[in-house]
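Asks: Below is one structure. I have some questions about it.
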Amino acid sequence: MHAFCLPCQSRGIRNIVEKKNHKVIIIGLTCNLHSKQLKQQHIYCGKKGIDIKQYQKLQYRGNGWPSSIQIETNNSKKIEIPNNKSIWTEIFHSRLFIRPKCFMCKDTLNKNCDIALADPWLQDCIKN
C-alpha cells in the first residue's frame, strides 16, 4: 500500500495501516502552514479589480517552477500572479489564513513519511 499526504495526515495513516498489519510507503509533502484558500484569491483579486465571478480557470502551478498563479476569465483574459515578490506573496505569508490547529504542528518536514517532497528554494535554483 502507498499513500501521498501532508504531515498532519501521515502519522495517522501509518498508525492505522500498520495496526492492520499492512506495509505502507508514505510519500509526503512538506508543509509551510499556508494552505491556499479561496479567501486569499478574493482579497488579491479585489485589490486588483478582478471580479471573481469571472473566473473560468485558476491554476496555482503551471509553466514550470516556481511559476505563478494563473487565472483565466470567462472572456479569455489571462492574468498571472507571481509567486515571489508580489502582493500575493504578502497575502500568502500574512499568517491570516493559517488554520488555528496548524499553529500547534511541529512537523512541517513530514517526519512520519518515507519520502518527503518539497520545492527547491535554494539560491542556485532560484537564480536559474
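The values are calculated or read from the model by the stated rules, or taken from the named source; none is laboratory data. Since the structure is predicted, the reported quantities are computational estimates derived from the model, not experimental observations. Heads up, the Cβs are rebuilt from the backbone with ideal geometry, glycines too, and the neighbour counts pull from every protein chain shown. All accessible areas refer to the heavy atoms of the entire protein, side chains included, with ligands and DNA or RNA removed. Shrake-Rupley method; radii C 1.70, N 1.55, O 1.52, S 1.80 Å.
Asks: Take D124 and tell me if it is closer than 30 Å to E18 by Cβ and acidic (D, E).
Replies: So D124 fails the test.
Asks: Would you point out the residue of segment 81-94, among those that are exposed (fewer than 15 other Cβ atoms within 10 Å of the Cβ) and touching a residue at least 12 places away in the same chain (Cβ under 8 Å), that is nearest to T30 (Cα to Cα)?
Replies: H93
Asks: Do you know which residues across segment 101-116 are open to solvent by 80 Å² or more (accessible area, probe 1.4 Å) and over 17 Å from the mean Cα position of the chain (by Cα)?
Replies: If the condition is that a residue be open to solvent by 80 Å² or more (accessible area, probe 1.4 Å) and over 17 Å from the mean Cα position of the chain (by Cα), then M104, K106, K111, D114, I115 are the ones that fit.
Asks: Let me ask something additional. Which residue pairs have Cβ atoms closer than 9 Å, lie 6 or more positions apart in sequence or on different chains, and pair a first residue in segment 1-17 that is over 13 Å from D114 (Cα atoms) with a second residue that is open to solvent by 40 Å² or more (accessible area, probe 1.4 Å) and among the charged types (D, E, K, R)?
Replies: Listed by first residue and then by second, the contacts come to C8/K101; V17/K23.
Asks: Another question, then. Of all the strands (runs of 3 or more DSSP E) wholly in segment 28-117, which have at least 2 residues that are farther than 27 Å from S10 by Cα?
Replies: In segment 28-117, 55-59, 68-73, 78-82 are the strands (runs of 3 or more DSSP E) which contain 2 or more residues that are farther than 27 Å from S10 by Cα.
Asks: Right, another one. Looking for something closer than 17 Å to P120 by Cα and either at pLDDT 75 or above or surrounded by 14 or more Cβ atoms within 10 Å (Cβ to Cβ) (or both) - is there at least one such residue anywhere in segment 46-53?
Replies: No, there is no match, as no residue in segment 46-53 is closer than 17 Å to P120 by Cα and either at pLDDT 75 or above or surrounded by 14 or more Cβ atoms within 10 Å (Cβ to Cβ) (or both).
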